[in-house]
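For reference, the structure is listed below as structure tokens.
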Amino acid sequence: MLPGSNQEWPGGLYTPTDGRAEPAIAAPEMARAAQRRGAKVFTQTAVRGIETTAGAVSAVVTEHGTIRCSTVILAGGAWSGVFCRNLGIRLPLLSTIGSVYRTAPVLDAPERSVSGAGFAIRKRLDGGYSVSHGGITNFDIVPDSFRFFTDFLQLTWMARKSLRPCLTERFLTEWRQKSSWPLDQVSPFEAIRTLDPRPIKGTLDKARRNLAAAFPAFKDVEILESWGGLIDATPDAIPVISPVETVPGFFLASGLSGHGFGIGPAAGQLAADVAIGAEPLVDPAPFRYSRFTDGSRIEPIIGI
Ligand SMILES: Cc1cc2nc3c(=O)[nH]c(=O)nc-3n(C[C@H](O)[C@H](O)[C@H](O)COP(=O)(O)OP(=O)(O)OC[C@H]3O[C@@H](n4cnc5c(N)ncnc54)[C@H](O)[C@@H]3O)c2cc1C
């Protein structure tokens, strides 16, 4: 049932294993733990936007129906900026492309994760390795690159030695993307269900050569698969975990700036504390959204 209504929910309720044997992967395990504590997880269910009443959040509108509520946390990763735009909220986010490949099993190679000059490796359960470059930051030039040009100038300058811009089909895709849409029509999140950029071959080739130079065991190893992922970042590379004052009830937990896998659990806890008004885990001030709107000096803490 759709919460708060009599409608059936056509989107799949998160089922623990779908009958498949599956290793204990972190994100699904966290989802299961949340379900055990009463959370409801709906997959294949795009959120089109939120409804407001007298300016405050009153519902989440999904492709399958509406959920009445007074508090919403947007944790949409690289989609968060587009989502906010439909609400008239300017969230400066840009994405870089992370590229990774995995190898067949390798003998006589490090058991531990290693980060070296132009490569980073982590051993997998099957004896193969996940490999990335680590020292190159590829990014697409997209319409948001111009929209947020000045916001990101300082971070771009700091990270200039590692940055490698490229122009891909994503420019046109995002150029054509609607910046606002009515909630009873298909949203950009349904038009593209998964952001799945092509890995950057040149970067992976370099990682492969660097790795083989450091560890000859990798010299002729077979590459089984490669993939890319978008990494959303804010202008100071600090997440936004915060209310948006102009829309009461609307909170952001986005822009984890390449560290979301590590800091995700704590970011989630802080977002929950902030949203329900509990004593926060840490001082939430550095994560406030208003630093981008109140003239605060933006000071990047790292290069991306
Ligand atoms: C190749 C690569 C390597 C990385 N390595 C590391 C690492 O070693 N350590 C580390 O800490 N981090 C790493 N990261 C970064 C990390 O994966 C991200 O920071 C993290 O996933 C961000 O979490 P998130 O929850 O904010 O966003 P996401 O993980 O992107 O999750 C957002 C979710 O919201 C969904 N969504 C968005 N909009 C809607 C909508 N309108 N309706 C419904 N659903 C929606 C999306 O489908 C997605 O499932 C890496 C990233 C990549 C790509």
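Roughly what % antiparallel, to the nearest 5, for the DSSP beta bridges in the range 131-285? The answer is about 50 percent antiparallel.
Modelled label positions at S58 and R297, each set 7 Å beyond Cα in the direction of Cβ, lie 4.4 nm from each other. Here the chain is treated with +1 on each Lys and Arg Cβ and -1 on each Asp and Glu Cβ, and its dipole about the Cα centre works out to around 560 debye. Computed over neighbours whose Cβ is under 15 Å from that of L256, the net charge equals -2, Lys and Arg +1, Asp and Glu -1.
Calculated on C-alpha atoms, the gyration radius of the chain divided by its Kirkwood radius gives an Rg/Rh of 0.98.
Averaged over its residues, the chain has an accessible area of 55 Å² per residue, based on protein heavy atoms and a 1.4 Å probe. The helix-based estimate of mean residue ellipticity at 222 nm for the chain, built from -39,500 (n - 2.57) per DSSP H run of four or more residues and divided by its residue count, is -6500 deg cm²/dmol to the nearest 500. The distance separating the Cα centre of the range 226-265 from that of the range 76-129 comes to 15 Å. For Cα pairs less than 8 Å apart in space and 6+ apart in sequence, what is the mean separation divided by the residue count of the chain, i.e. the relative contact order in percent? 20 percent.
The stretch between A272 and I141, if pulled fully straight at 0.36 nm per residue, gains 43.8 nm over its current Cα-Cα span. Descending by average beta-carbon neighbour count within 10 Å, the peptides 95-106, 155-166 line up as 95-106, 155-166, the highest first. Spatial offset of the range 275-304 relative to the range 170-215 amounts to 27 Å, using the alpha carbon center of each. Only one residue of I89, C69, A39 has its Cα farthest out toward the positive end of the dipole of the chain, where Lys and Arg carry +1 and Asp and Glu -1 on Cβ, and that residue is I89. Pairs with C-alpha atoms separated by more than 25 Å, drawn from the list K40/K123; K161/K206; K178/K201; K161/K201, are K40/K123; K178/K201. Computed from the C-beta positions of Q35 and S70 and an R0 of 25 Å, the FRET efficiency is 0.65 to the nearest 0.05.
The portion of the accessible surface of the range 24-151 made up by carbon and sulfur, rounded to a whole percent, is 55 (1.4 Å probe; DNA, RNA and ligands excluded). Measuring r between the beta carbons of S180 and K219 and using R0 = 51 Å, the FRET efficiency lands at 0.45.
Model label points for R164 and E190, set 7 angstrom from Cα along the Cα-to-Cβ axis, are 3.8 nm apart.
Overall shape: oblate for the range 231-301, with the ratio a/c of the largest to smallest alpha carbon gyration tensor axis at 1.5 or above and b/c at least equal to a/b.
The values are calculated or read from the model by the stated rules, or taken from the named source; none is laboratory data. Not measured: the values here are computed from a predicted model. Cβ: placed from backbone, ideal geometry, glycine included. Neighbour counts: every protein chain shown. Note: areas computed on protein heavy atoms with side chains; ligands, DNA, RNA excluded. Shrake-Rupley method; radii C 1.70, N 1.55, O 1.52, S 1.80 Å.
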